[in-house]
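I have placed the structure first, in the form of structure tokens, so that the comments after it can refer back to it.
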Amino acid sequence: MSMNHGKTLATLSVHAGLTPNEHRAVVTPIYQTSTFSFDSADQGAALFKGEEEGYIYSRMGNPTVQGLEDAIAALEGGHKSLACGSGMAAIHSALATLLSAGDHLICSDAVYGPTCSLVENVLTRMGIENTIVDTSNLAAVKKAMRPNTKVIFVETPGNPTLVVTDIAAVAEIAHTGGAQLIVDNTFMTPILQQPFRHGADVVVHSLTKFLNGHADVVGGVIVAKDEASYKQFRTALNHFGGVLPPFESFLVHRGIKTLALRMQRHCESGMKVAKFIEAHKAVEWVRYPGLESHPQHELAARQMSGFSALISFGLYGGLEAGKQLMDSVSLWTLAVSLGGVESLIQHPARMTHASMGAEARQRGGITDGLVRISVGIEDVDELIEDLDRALSRYKASMPAGVATSAV
Ligand code: PLP
């Protein structure tokens, strides 16, 4: 397992971010307070001027939140991080901090639906131009660069097509053109992919997913590579205001303590389920970066240290068969989101990526029949049995001569 600050990520998951506290509690306590008192009027003024270090007001910083922020920065090999109220708050805050009217942004075509809508429908109203491209196609990224390009935003693997972008190559294109590269690392977590090592300038996450891992918090984070970048984001976030509260920060930090362990299980089970799906006769196609059939398997194996738990596939029966599958499984929960301990199944075209619109989905290769699953940490054989039972009902939707089950 890779190391940051001389420690393995498994060890950092458990220990990073313990804020010193007066009773020497081994877990950062919940400082459920909106404000912090000053010793004197002069000390309050010194804190505001930045001449003294300390907490002022919880929108500007809070020890519980900072414990989480320190843990994530350590795991990502970044400088410092900023916990936000959701993954979208992190993405919006990062983009709105780095871009001004007249700037140009390049964004992957296969991203979380609302990220695409934010770029195409909201940032455009603020005078920010965009080009949406398949960022796995380096020639297309180069071609999209303009003199006013300030940011390239990449989600890799992309949601939900699992297209893999070469972070180092795109970072080079960005830097050559004077732009910064932001990587959404939600699908991988720092355990499996370390974008800063490949040249990324900013990393964002939805904490709602693997980092928290227990489907009980909505949160996000921006990780900055150096103090100048951190200060820029901190000042902006203080004005945007979308910070993560202390209790949610405590829960996410607790989730992170088992992150390395959970990711190991997610990867093992993800591979088993992907192989099962690939071999099933009802399945027309499958995408999982760990399978040799994935078009960028070699890049994925180089850039990532595991393949995580997201799998996309299409059935021969198309949309109708996919809908029936989602309605027939019992152990898999039909719900959006991903990365939790429980296995989820959903239909991006009508759920997570509905807001993009049909044209944008087509551009990003998000077909109507695409089913996305997130493999949890339940017993993997029981998960496969449940899928097999549900898939076996679609004899009618399979091509003539194809057996109901391949296994
Ligand atoms: N990035 C990715 C890759 C996601 O899948 C999601 C949500 O599904 C987000 C960002 C947005 O996160 P949140 O729902 O916490 O706002």
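Some notes on this structure:
- Segment 121-269: C-alpha gyration tensor shape, a/c 1.5 cut-off, then a/b vs b/c: oblate
- Helix 259-279 and the longest principal axis of the C-alpha atoms of the chain enclose an angle of approximately 20°.
- Rel. contact order, % - alpha carbon contacts under 8 angstrom, at least six apart, segment 156-314: 23
- Alpha carbon Rg of the chain, scaled by the compact-globule rule 2.2 N^0.38 Å: 1.01
- Whole-angstrom gap from segment 1-52 to segment 217-262, using each part's C-alpha centre: 13
- Share antiparallel - DSSP beta bridges, the chain, percent rounded to 5: 55
- Ranked packing of 289-301, 109-121, most packed first, by mean Cβ within 10 Å: 109-121, 289-301
- Computed P(r) (all Cα pairs; segment 211-294; 5 Å bins; percent): 3, 12, 14, 13, 13, 13, 11, 10, 7, 4, 1
- Amide hydrogen neighbours beyond the local backbone of L334, cut-off 5 Å, H modeled: I345
- Per-residue ³J(HN,Hα) for segment 28-43, Karplus 6.51 cos²θ - 1.76 cosθ + 1.60, θ = phi - 60°, Hz, x for Gly and Pro: 4, x, 8, 8, 8, 9, 8, 9, 10, 7, 9, 5, 7, 4, 5, 5
- Cα convex hull volume per residue for segment 105-156 (Å³): 60
- For the chain, the longest principal axis of the alpha carbon atoms and the long axis of helix 87-98 meet at an angle near 60°.
- Acute angle (nearest 10 degrees) that the helix 380-391 long axis makes with the longest principal axis of the chain, alpha-carbon atoms: 50
- Based on C-alpha pairs under 8 angstrom that are at least 6 apart in sequence, the chain has a relative contact order of 17 percent.
- The chain: calculated mean residue ellipticity at 222 nm from DSSP helix runs of at least 4, using -39500 (n - 2.57): -11000 deg cm²/dmol
- Cα gyration tensor shape for segment 260-397, rounded if a/c is under 1.5, else prolate or oblate: rounded
- Nonlocal amide H pairs with S206, under 5 Å, H built at 1.01 Å: T186
- Hull shadow area, averaged, segment 61-111 [alpha-carbon convex hull, nm²]: 4.9
None of the figures in this text is laboratory data; all of them are computed from the coordinates on show. Owing to the predicted nature of the structure, the values given are computational and were not obtained by experimental measurement. Positions of Cβ are generated from backbone atoms using ideal geometry, with glycine treated the same way; all protein chains shown enter the neighbour counts.
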